[in-house]
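Enquirer: Below: one structure in structure tokens.
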Amino acid sequence: MCPIASTATKCGNCGPGYSTPLEAMKGNCHGLRKRTEVIHRLPMPNLKDELHHSGWNTCSSCFGDSSKSRTKLVLPSLISSRIYVVDVGSEPRAPKLHKVIEPKDIHAKCELAFLHTSHCLASGEVMISSLGDLKGNGKGGFVLLDGETFEVKGTWERPGGAAPLGYDFWYQPRHNVMISTEWAAPNVLRDGFNPADVEAGLYGSHLYVWDWQRHEIVQTLSLKDGLIPLEIRFLHNPDAAQGFVGCALSSTIQRFYKNEGGTWSVEKVIQVPPKKVKGWLLPEMPGLITDILLSLDDRFLYFSNWLHGDLRQYDVSDPQRPRLTGQLFLGGSIVKGGPVQVLEDQELKSQPEPLVVKGKRVAGGPQMIQLSLDGKRLYVTTSLYSAWDKQFYPDLIREGSVMLQVDVDTVKGGLKLNPNFLVDFGKEPLGPALAHELRYPGGDCSSDIWI
């Protein structure tokens, strides 16, 4: 992967990132290295943190502030609740650990734990979502960090305010709104997936609409066919009053939008049908949509079905009527020769072949995805969360995850695997690793928000 310039527009008064999403699409360099390899490793000082998602100290929301610079990567830990700050500014090819924020510092000021999404704000602060409280009960709140010192400032939400469950969030200041999603309480999900917890109503099925200025929930949206709404994306256009959320267990994409009355509504626009199977945990297997992305021009929506094993591209030029334009199988639980037999499939005539890239049979399924700014290359990793990896893809624990690259047709739509690109995290010096999220040094389709 080639390095990305920090700004697309060269000017004396520009801050980090890009002035608009369409300017950001011009920001990629176009050549790819002939070899794909790990060029640097930064060991973390602790074990069992579960580094899940990450974000920058600042992004395009601060484009107008020339005093800001995108130099630090913020890595919250899902299980330990530590926050690592990594310095990538002085030497992007050899980042260094800048600071470790211990759980006690977060607990003392926020009473929050089990941290997930990190976004930079136009105020210069960094905001991180939480799934729970100190005891692992559900508590969706938000930790605020100073964007320069990375000191814990407190919670973003008003005192006493919280969502019942938490996970991801996205804000759109021009509409004075933030919307957050929910997974489950940490005590429910941390050791693996139990179907009985679904029957007991312990997994999320709501979106929470927050007043961006008042920092409080103003509306709760119940999702029909919307179990476990995970990743949420507003359209990148800062004037847009709509976006999408991927509901993992129901395997649906839901469109949320501001209605004529000025409140918010939601509707299902994509349904991935389950497959009737034999030799699996349940008689029906969901696709399990675990990540979604929008191209910066808001034309294409991408998502991964971690269990079924396919990556999809939809044209969402008409957001109410997405049109499938690309589909690619990259492993998954229903490959031929595996333990699962598909008995009834509404989409496929036969089970897909196992994926072999550069001689390695890929374990797991497509999980986290990241799109190059120009929209032409999609990068994919295969690990979801170690406890769930162990349950659904035990080979991942032994073999390690991989990173793959998919070429994207941005004119007609379409996806094609690059057979020469493979980063094999099973060959790490300290043993197999479970790589999860991907970030571009100069910002990407899920890190930057325009105001």
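The values are calculated or read from the model by the stated rules, or taken from the named source; none is laboratory data. Just so you know, these numbers come straight off a predicted model, no measurement behind them. No Cβ is skipped: glycine too gets one built from the backbone with ideal geometry, and neighbour counts run over all protein chains shown. Surface accessibility is based on the protein's heavy atoms, side chains included, excluding ligands, DNA and RNA. Shrake-Rupley method; radii C 1.70, N 1.55, O 1.52, S 1.80 Å.
Enquirer: Hey, rough spin-label estimate for Leu343 and Leu324, points 7 angstrom out along Cα→Cβ, what's it come to in nanometres?
Expert: 2.3
Enquirer: Give the lysines whose C-alpha is closer than 18 Å to that of Lys96, dropping any in the same chain fewer than 8 places away, or say none.
Expert: Hits, sequence-local ones excluded: Lys72.
Enquirer: With the other protein chains left in place, how much accessible area per residue, in square angstrom, belongs to the chain at a 1.4 angstrom probe?
Expert: 40
Enquirer: Among Tyr440, Val357, Leu343, whose Cα projects farthest towards the positive end of the dipole of segment 329-451, with charges put on the beta-carbon of Lys, Arg (+1) and Asp, Glu (-1)?
Expert: Val357
Enquirer: Based on the alpha-carbon gyration tensor of segment 45-162, what equivalent-ellipsoid semi-axes (square roots of 5 times the eigenvalues) come out, in whole Å, largest first?
Expert: Equivalent-ellipsoid dimensions as semi-axes: 23, 17, 10 Å.
Enquirer: So what's the gap between the Cα centers of segment 281-343 and segment 379-439, to the nearest angstrom?
Expert: What the calculation gives is 15 Å, centre to centre.
Enquirer: Which residue, Leu235, Val266, Gly279, has the largest displacement toward the positive end of the dipole of segment 219-293 when charges sit on each Cβ (Lys, Arg +1; Asp, Glu -1)?
Expert: Gly279
Enquirer: What's the carbon and sulfur percent of the chain's accessible surface, probe 1.4 angstrom, rounded to a whole number?
Expert: Within the chain, the accessible surface is 50 percent carbon and sulfur.
Enquirer: Calculate, in nm to one decimal, what Ser123 and Asp239 gain on full extension: separation in residues at 0.36 nm each, minus their alpha carbon distance.
Expert: Gain in length upon complete extension: 39.8 nm.
Enquirer: Let me have the 222 nm mean residue ellipticity of the chain computed from DSSP H runs of 4+ only, each contributing -39500 (n - 2.57), with the sum over all residues rounded to the nearest 500.
Expert: -1500 deg cm²/dmol
Enquirer: Additional query: Mind checking which lysines have their Cα closer than 20 Å to the Cα of Lys268? Skip sequence neighbours fewer than 8 apart in that chain.
Expert: The qualifying lysines are Lys224, Lys258.
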